[in-house]
1. Are any residues in region 268-284 modelled with pLDDT under 80, surrounded by fewer than 16 Cβ atoms within 10 Å (Cβ to Cβ) and part of a helix (DSSP H, G or I), and if so, which ones?
2. Only one of 189, 183, 134, 207 is at pLDDT 85 or above and over 23 Å from residue 90 (Cα atoms); which?
3. Can you tell me which residue among 434, 406, 391 is under 20 Å from residue 336 (Cβ atoms) and modelled with pLDDT of 85 or more?
4. Are any residues in region 30-55 part of a loop (DSSP other than H, G, I, E, B) and either surrounded by 10 or more Cβ atoms within 10 Å (Cβ to Cβ) or modelled with pLDDT under 80 (or both), and if so, which ones?
5. Select from region 150-165 the residues that are under 37 Å from the mean Cα position of the chain (by Cα) and more than 11 Å from residue 223 (Cβ to Cβ) and write down the one among them that is modelled with the highest pLDDT.
6. Exactly one of (1) assigned to a helix (DSSP H, G or I); (2) farther than 28 Å from residue 131 by Cβ; (3) at pLDDT 80 or above; (4) out of contact with any helix residue (DSSP H, G or I) (no Cβ under 7 Å at 6 or more places or on another chain) is unmet by residue 92. Its number?
7. In region 17-27, which residues are more than 12 Å from residue 60 (Cα to Cα) and out of contact with any helix residue (DSSP H, G or I) (no Cβ under 9 Å at 6 or more places or on another chain)?
């Protein structure tokens, strides 16, 4: 029993922490009763806590997708006719990588960047939540990637002191990946055009022992040191990077070398007011859904139903906190998945309570019947939730398999539904069981304490 009480207090503490994290910085207090009225805003501090040199923030705002926060929907297009499939794939990967980085530099959080092939054209779809003035963003996204090589002029400042040279991405024929025959570590190979070969040879002669930085869109990609003059036009960059890092770096370099221009073919703005109205209606729907479930559980199961309602409230706090910490970008389909998971959150309790009734019909009483109900209901709970989690995983498609759904709306629904099911397993089995043991004491709904006694023989 001591272990159960400790778990109970731990759940209570976790619930209070989640409640605090979900409180807004400004809490409006407005009411009017019998001529008395109050209209104030209560400020709730969310300081940053420092612990062992680590800063831990206490404010985690909910991230809203473009359909809720408003923003801009942009579609760019580029011609890929006559290019081999491997080159088109490289262009596609490079576009996604570089546009994603540009959007991040622009300061847009949770932007959506996707590509789609359409006959001889490659389309780039960009969604910018919260951005309504799109002219600057369009100019930033639509410009061709600029790759250039810079020499270091200030050795005392490794992060600065670089000046441009006449060697640019236009002189780079291609970048590739090779492996060190001795260590097996990945290497990045550079092959220059005939004109670029002469520039590179002259530049390496002048910068032996110095850093020759590679910049893409004014951001340093790599800072290799020139070990010797290179006159053949082929160079190798060595470094302690993984294969995935090497692939990403090669894709970014090739983006600067490829003459790919983007043309804006569609621009659409979603007003934030539409998103706010959708959020308001969705919150109302969620509140009504939770209230209806809680009323049903109390009416049908009595005191045990009230305990299940308390577990449902804890489930809601845990879910919202997890959305903030990951973070999860909430969209309308995501909210639909959240509301759907509310009903599923009490499913485990219903299975347990119905199993409890069966045990009581067989003559079991007290906490014995309750523990048997928890144990024997677990198989049904596990199988039902496992099937839902598998379905959510397929819809989420985290590995971007082409034969599974890739639409962002479907993924948003799958993510909130999957997280909801996982949390419902915790609240339905662990939280509810602990609350019943501590608060219920086995007295509710015909469940009585066992009258067994152990006496000395």
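1. Across region 268-284, the qualifying residues are 273, 274, 276, 277, 280, 281, 283.
2. 207
3. 391
4. 34, 35, 44, 46, 52, 53
5. 161
6. Failed condition: (2).
7. Residues satisfying the conditions are 26, 27.
To keep it simple, each residue is scored yes or no on (1) touching a residue at least 60 places away in the same chain (Cβ under 8 Å); (2) buried (at least 19 other Cβ atoms within 10 Å of the Cβ); (3) not in a helix (DSSP H, G or I).
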residue	(1), (2), (3)
348	yes, yes, no
355	no, yes, no
369	yes, yes, no
375	no, no, no
381	no, yes, no
388	no, yes, no
391	no, no, no
398	no, no, yes
401	no, no, yes
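The values are calculated or read from the model by the stated rules, or taken from the named source; none is laboratory data. Values in this document were obtained by computation on a predicted structure and should not be read as measured data. Because the Cβ atoms are built from the backbone with ideal geometry, glycine has one as well, and the counts that use them run over all protein chains shown.
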